[in-house]
């Protein structure tokens, strides 16, 4: 399986996102190829089958939101044949931005969400996703048949069962 993972920040020393570095290593163990798109890439030490694609926020002076958007679409287009499934961590806006392209190209999409905040962006992201993952029912703000509860540490086997690669679909 080849997977694209989108996370806001990749930094193993970050107080909030640091733990996700270890989760990426777990994905690398379970998948043949892992591509990570992030707004900002800092300190990381990941297996050889993980490729990190930063949108450039870590650079001196940063960029504008338009620059990030252009970089996001350029990166998606460049990677289009290199992954089967998409895992978006906590940021429904990325599902909104890439969802139609992923649907057209047959990519399976899962959104991990762990918050009670409701927004139109989240509703659209849930509509475009094949699965919405949360640690409990009360950590997702509305009812949807796509909700899959994965309590505690995300069990990759369960995740991979809910978002199989396109090629494995009957």
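What follows is calculated from the coordinates using simple rules that are stated; it is not laboratory data. Everything numeric in this text was worked out from a predicted model, so none of it was measured. Here the Cβ is made from the backbone with ideal geometry for all residues, glycine too, and neighbour counts use every protein chain on show.
Summary table below
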{"item": "17 Å tail of the calculated P(r), the range 1-84, as % of Cα pairs", "result": "46 percent"}
{"item": "Label point distance in nm, residue 105-residue 66, each placed 7 Å from Cα along Cα→Cβ", "result": "2.5 nm"}
{"item": "Against the rule of thumb 2.2 N^0.38 Å, how large the Cα Rg of the range 2-168 comes out", "result": "0.97"}
